[in-house]
Amino acid sequence: MDTKTKTRISIKQIIKDLIPDINYQLLFTFILGLVVLYVVFFKLLKTKTSKNVIALLGLCGSGKTQLFYQLCHGIDVLSVTSVKESSHSLSISDSRKVTVYDIPGHDRIRYSLFDKIKSQLKALIFVIDASAIQEEIKDVAEFLYTILCDGSVQGCKPNILIVCNKQDIPFAKGASLIKSSLEKEMNLLRVTKSNQLKSVGTGENNNSFLGYQGQDFEFNQLKSFKISFVDAVASKGEQIDSIKNWLKTI
C-alpha cells in the first residue's frame, strides 16, 4: 500500500472517529446546497447593485439635454441634435451615486441607444415640451408607450418621472392636463396596437397591452412602475427643485 493510499484511509478514519454516524451523501448534498445558495445570492446582489442608471428620454427639442446639464453640471447650454448618448456620474445623496444618460431624441437612433442601458435602469426621466404637447401628443404617447411595454424596462421596475418642461413659455400645459391627455391618447394607442398584433396572429401573449382589460387606460394601473408628473423649467435651472427632490427618493 503506497503513502497516498494510507493518507486517504487515515483522513477517512479520522472523520469516522470524530463523526461515527456521518452520512456522506447527505453531507455532499448539504455542501452542494450551500454552494448553489451562494451563487444565487451573489447574482441577485450583483443584479441589484448594477441597477444604478437613470435614463433621460424625450423627443427632440423637449429640453432633456438642458435638464441633463443642469442636473449634472449646474450649467445652462443650448442643446444641439446628437447621434450619441451623453453620460455623467451624479451624487443623489451622501452615499449614493447614479449614472445619468442623456439619450438622443431622434427616432432613428433613440431605441438602439436606449437598448444598451435599459437592463440597468434604476429610474427613468421622460421629458415633454409642455408648450408643444398639442402638436406632439401622438409622438410623445407612442414613444412613452413603447418604453413602458419593453420587457427589460418592466423587469427593472424603475421609478419614472414625467417632466412637463418649458412652463415658462406662454400657453404651456400643466402636468395634470398633460397626464390626462396622455392617458386618453395611450388608451387609443393600445387598442390600435392590440388589433395589429391580433391581425398577425400573435394573440395576447405579449407586453404590449398596458393597463386593465375593459377599462380606460390610467397610469395608476401600471403596478410595475411608480410614475410621477412634475412641472419644470430646465432652462437656466429656474424650476427643477422638484426633480432634484424626486432623485433623492429613488
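The values are calculated or read from the model by the stated rules, or taken from the named source; none is laboratory data. Please read these numbers as outputs of a predicted model, since none were measured by experiment. No Cβ is skipped: glycine too gets one built from the backbone with ideal geometry, and neighbour counts run over all protein chains shown.
Considering only segment 54-89, how many residues are part of a loop (DSSP other than H, G, I, E, B) and without any contact (Cβ under 8 Å) to a residue 60 or more places away in the chain? The qualifying residues number 11.
Taking the conditions (1) at negative phi; (2) small (Gly, Ala, Ser); (3) at pLDDT 85 or above in turn, Gly61 satisfies each one other than (1). The residues of segment 89-106 that are farther than 16 Å from Ile243 by Cα and either of a type in the set (Val, Ile, Thr) or surrounded by 15 or more Cβ atoms within 10 Å (Cβ to Cβ) (or both), listed by number, are Ile103, Pro104, Gly105.
What about Val140, is it closer than 19 Å to Ser87 by Cβ and hydrophobic (A, V, I, L, M, F, W, C)? Answer is no for this residue.
Restrict the check to segment 159-175 and report whether at least one residue is of a type in the set (D, E, K, R), surrounded by fewer than 22 Cβ atoms within 10 Å (Cβ to Cβ) and over 15 Å from Ser62 (Cβ atoms). Within segment 159-175, not a single residue is of a type in the set (D, E, K, R), surrounded by fewer than 22 Cβ atoms within 10 Å (Cβ to Cβ) and over 15 Å from Ser62 (Cβ atoms). Filtering segment 176-188 to residues that are surrounded by fewer than 20 Cβ atoms within 10 Å (Cβ to Cβ) and of a type outside the set (Asp, Glu) leaves Ser176, Leu177, Lys179, Ser180, Ser181, Lys184, Asn187, Leu188.
Filtering segment 64-93 to residues that are over 21 Å from the mean Cα position of the chain (by Cα) and of a type in the set (Ser, Thr, Tyr) leaves Ser79, Thr81, Ser82.
From the list Asn206, Asn195, the lone residue that is in a helix (DSSP H, G or I) and either modelled with pLDDT under 95 or outside the structural domain of Phe126 (by TED's automatic domain parsing) (or both) is Asn195.
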